[in-house]
Every structure is written in structure tokens, then in C-alpha cells.
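Asker: What follows is a single structure, and I will ask about it in a moment.
The values are calculated or read from the model by the stated rules, or taken from the named source; none is laboratory data. Remember, predicted model here, so these are calculated numbers, not experimental data. Don't worry about glycine lacking a Cβ; one is built from the backbone with ideal geometry, like all the others, and counts go over all protein chains shown.
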Amino acid sequence: MDRDDIAKIREKLKKNLSDARYQHTLGVAYTAACLAMRYDADPLKAETAGLLHDCAKQYKDKELLKVCMEKGFPLGEEEKKAPQILHAIYGPSLAEKVYDVHDREILDAIRWHTTGKPDMNLLEKIIFTADYIEPNRYKSDNLNIVRPLAFQDLTACIFKITGDTLIYLEQKGYFIDQMTKTCYDWLKENGTHDI
């Protein structure tokens, strides 16, 4: 992966995503590269994963459900109740086939950027966090807390993000994907505490 590859990915994404989604994508890629430099990870890998994290957002939820079923992705009742996570399930496959990215770390970061999971690796943590704090985001509660925290303690930041997400989903009466809860519980059980 080099700068030419990044340029090609950007060109394709610009054609396939809405303008707003593309701007969000650029924000995530930028933020991911910054976090990678802060935590001594590979900035090019982080930028690539950031660019591709929402590559499957070119599809609407119903289309994603249909594509996932047709392609044989194992979807349980939980995934069907939370269509907002389907782009993360299908995204790694799309990144491989359309954007020619085969790095397992990047594909896994795309897969887990929405819900998180227990024991995430560094790149997974970076993409999960960058998606939440990128500069174009303004609606999430506590951004003034989580943005600086992301550069101080990435794990504590993820704990705060998942906790806030669970509260938000519960208050709105939305279905709560079990993996988000599992991620939060795993962090808590392994010594991460709220700030």
C-alpha cells in the first residue's frame, strides 16, 4: 500500500459515496492517521482503513441485507434487527473485491469499526475511535471529552464511547447490538473505568 493506492481508493470512493459520506470518510482517514502517529501504529494502514471503513455505505440498509443474504454472510436475528451494522459486516468483502485491499488488519478494522469487540487490536481501536471523533462529527454527546481523551488513553476513550452509545440507544429505544455491550463489558471487566 502506497500513496498511489490511496489516491486510487479516494477516486473510487468519491464516485461511490454521497458527498456527505465522502467528507466523513476523509475525516476518519485523517483522524486515524493522526491517532496512528500518536500510538506508533502504521499511519498508511490507518488511513487506508479509515478511507474504507464505510465503503459499503453506498448501499441502503435493505440493499445490504439482501446482498449479505445473497452472498451467504451468516446473519442472525440480531444483525437483522440492527441494519445499521450491516455495512461493517459486508465492508471487508467489498474492500477486497472493489478496492483491492487484502491486508487482514485493515479488513478487521473495517469489520469492527461500528460495534467494537472484546480485545481489539490497535488498528481496530484507532478506526473505531476515529469514526466517532472525526472533525465532521458534531451530534454526539461528550465530544469535548472523548476527542482529547482519544489522544491520552485510547482504551479509556473506547470505554467512554461504548458507554455513551449504549445510553443513547437505550434512551432512544433503539435495538442494542450485543457486540457493543460485549465490548463495553469486556473493557470494564479488564480494568477500564469511566473518567
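Asker: With respect to the numbered conditions (1) more than 18 Å from residue 25 (Cβ to Cβ); (2) surrounded by fewer than 21 Cβ atoms within 10 Å (Cβ to Cβ), which one is the sole condition not fulfilled by residue 98?
Answerer: For residue 98, the exception is condition (1).
Asker: I would also like to ask the following. What about residue 170, is it without any contact (Cβ under 8 Å) to a residue 40 or more places away in the chain and crowded, with 21+ Cβ neighbours inside 10 Å?
Answerer: Spelling it out, it is not the case that residue 170 is without any contact (Cβ under 8 Å) to a residue 40 or more places away in the chain and crowded, with 21+ Cβ neighbours inside 10 Å.
Asker: If we scan the range 124-145, do we find a residue that is in a helix (DSSP H, G or I), free of Cβ contacts under 8 Å to residues at least 12 places away in the same chain and of a type outside the set (Gly, Ala, Ser)?
Answerer: yes
Asker: Something else about it: Please report, ordered by residue number, the helices (runs of 4 or more DSSP H) entirely within the range 1-76 with at least 1 residues that are in contact with a Lys or Arg (Cβ under 8 Å, 6 or more places away or on another chain) and under 21 Å from residue 136 (Cα atoms).
Answerer: Passing ranges, in order: 19-38, 43-52.
Asker: To continue, here is another question. Looking at (1) closer than 21 Å to residue 38 by Cα; (2) surrounded by fewer than 21 Cβ atoms within 10 Å (Cβ to Cβ), which is the only condition residue 107 fails?
Answerer: Status for residue 107: all satisfied but (1).
Asker: For residue 117, state whether it is outside any helix (DSSP H, G or I), farther than 16 Å from residue 46 by Cβ, under 15 Å from the mean Cα position of the chain (by Cα) and not polar (S, T, N, Q).
Answerer: The answer is yes for residue 117.
Asker: Quick one: what pairs do we get from the range 18-40, first residue of a type in the set (Lys, Arg), second in a helix (DSSP H, G or I), C-beta under 7 Å, 6+ apart or different chains?
Answerer: If the second residue must be in a helix (DSSP H, G or I), the pairs left are 21/57.
Results for (1) farther than 20 Å from residue 116 by Cβ; (2) surrounded by 19 or more Cβ atoms within 10 Å (Cβ to Cβ); (3) modelled with pLDDT under 95, shown as yes or no for each residue.
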position	(1), (2), (3)
8	yes, no, no
22	yes, no, no
31	no, yes, no
40	yes, no, no
43	yes, no, no
54	no, yes, no
64	no, yes, yes
